[in-house]
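Encoded as structure tokens, the structure appears first; notes follow it.
The values are calculated or read from the model by the stated rules, or taken from the named source; none is laboratory data. The model shown is predicted, which means the values in this text are computed figures rather than measured ones. Cβ placement follows ideal geometry from the backbone for every residue including glycine, while neighbour counts extend to all protein chains displayed.
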Ligand SMILES: [Zn+2]
């Protein structure tokens, strides 16, 4: 049986909760390690001040071809170094979570929540998934996986209420296994997109309005906002990223 990291941590730091100075000292050390990791990002790419445009690759291509590395090895921060959320007060979580988030940004491996999630749960999701593999991207944004692959929806660290994979599945569930006319399919896509935008951008969502999906904005030649990106089959492929 695998020993849980929580138990290893508790064994290594038996007085963590009871002994305030020990805990304070520990978190202080940890913050030092996080700051060091943030300031020393190793990159598999040659150091350059500018990149040639012909080196650019599409997001899909980069996802496939960019080097992969365990996040623990890359950052030098081990999951076991991060105290389990249950051992920390809200103040302590607030002390270490924002620096961890900034560190991940420095690695272009961002932890992003599309819906508002309490910081304690954000930290929990970060800690529980910290032993993941990161993709070392230089052209596109890399995203930290907040829901462990293969975990049933709602049973990850984020739980029933905040699970992001469940959220995206819900958003897309009406789109599968149905015989829709192209018009119906487009209407559904418009619905999904608007739902997503409202959650993502709040009252600002209209700024990102998907005009190309709205038949009201069509003219006699089709839709002037659709620059060839609206091909339904292609979009379906791209929309699959959350399943993988
Ligand atoms: Zn989840």
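Report whether or not residue 6 is at pLDDT 95 or above and farther than 23 Å from residue 140 by Cβ. Considered against the rule, which asks whether it is at pLDDT 95 or above and farther than 23 Å from residue 140 by Cβ, residue 6 comes out as no.
Per the listing 79, 64, the residue uniquely modelled with pLDDT of 85 or more and in contact with a helix residue (DSSP H, G or I) (Cβ under 7 Å, 6 or more places away or on another chain) is 79. Annotation for region 93-100: at least one member residue is within 16 Å of the chain's Cα centre (by Cα) and either farther than 22 Å from residue 41 by Cα or crowded, with 20+ Cβ neighbours inside 10 Å (or both). Applying the criterion of at least 1 residues that are closer than 25 Å to residue 59 by Cα and modelled with pLDDT of 80 or more to the helices (runs of 4 or more DSSP H) found wholly in region 142-217 leaves 164-172, 182-201. Restricting region 107-123 to residues that are outside any loop (DSSP other than H, G, I, E, B) and over 11 Å from the mean Cα position of the chain (by Cα), the residue that is surrounded by the most Cβ atoms within 10 Å (Cβ to Cβ) is 123. Scanning region 124-149 for residues that are free of Cβ contacts under 8 Å to residues at least 40 places away in the same chain, more than 13 Å from the ligand (Cβ to nearest atom) and either crowded, with 21+ Cβ neighbours inside 10 Å or over 24 Å from residue 202 (Cβ atoms) (or both) turns up just one, 142. Based on what the data block shows, is residue 112 within 16 Å of the ligand (Cβ to nearest atom) and in contact with a strand residue (DSSP E or B) (Cβ under 7 Å, 6 or more places away or on another chain)? Yes, satisfied. The residues of region 87-101 that are in a helix (DSSP H, G or I), within 26 Å of residue 143 (Cβ to Cβ) and out of contact with any helix residue (DSSP H, G or I) (no Cβ under 7 Å at 6 or more places or on another chain), listed by number, are 98, 101.
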